[in-house]
């Protein structure tokens, strides 16, 4: 394959993966969306590709790609932290799923940049499955087992002991 086309496909895959995850966040009215997560995926892929190219051209023992990946994943925590909100002290936290989606998008950018298509596509599919279906599964499990928890509490039983 043409090396320039390969780079373009890696960047497009990272951006498209971020945009797919962002669409889910947009549809749920969350603070990040298609543009934000598309740019997160694209920027992490671009930085990783540039570091990998530097490593290949420099031909020395400095592991620039690993350092860049570490920096991306550390720095992306600050972006994710920006979407986490607290209603009141100790009451309720919002935005954790969106923050986790920002982290997944950054990771997808790195994986696609490195050209690991299987890991990238599998992680994207599993992320979309989690965002689309896990909420319904979680609600169904709460309905099913939530009644058992409240009955145990009424009987004065310890939930941790299983009854």
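A few remarks follow.
- The set of residues from region 112-124 being under 23 Å from residue 55 (Cβ atoms) and either in contact (Cβ under 8 Å) with a residue 60 or more places away in the chain or not in a helix (DSSP H, G or I) (or both) comprises 112, 113, 114, 115, 116, 117, 120.
- Exactly one residue among 13, 100, 106, 81 is under 16 Å from the mean Cα position of the chain (by Cα), surrounded by fewer than 12 Cβ atoms within 10 Å (Cβ to Cβ) and within 30 Å of residue 136 (Cβ to Cβ), and that residue is 81.
- Which numbered condition residue 91 fails, given (1) in contact with a helix residue (DSSP H, G or I) (Cβ under 7 Å, 6 or more places away or on another chain); (2) at pLDDT below 95: (1)
- Residue match in region 128-140 (condition: farther than 21 Å from residue 85 by Cα, touching a helix residue (DSSP H, G or I) at 6+ places or on another chain (Cβ under 6 Å) and surrounded by 12 or more Cβ atoms within 10 Å (Cβ to Cβ)): no
- Index of the failed condition, residue 125 passing every other in (1) loosely packed, with under 13 Cβ neighbours inside 10 Å; (2) more than 13 Å from the chain's Cα centre (by Cα): (2)
The values are calculated or read from the model by the stated rules, or taken from the named source; none is laboratory data. Keep in mind that what you see is a predicted model, and the values were worked out from it rather than measured. Cβ: placed from backbone, ideal geometry, glycine included. Neighbour counts: every protein chain shown.
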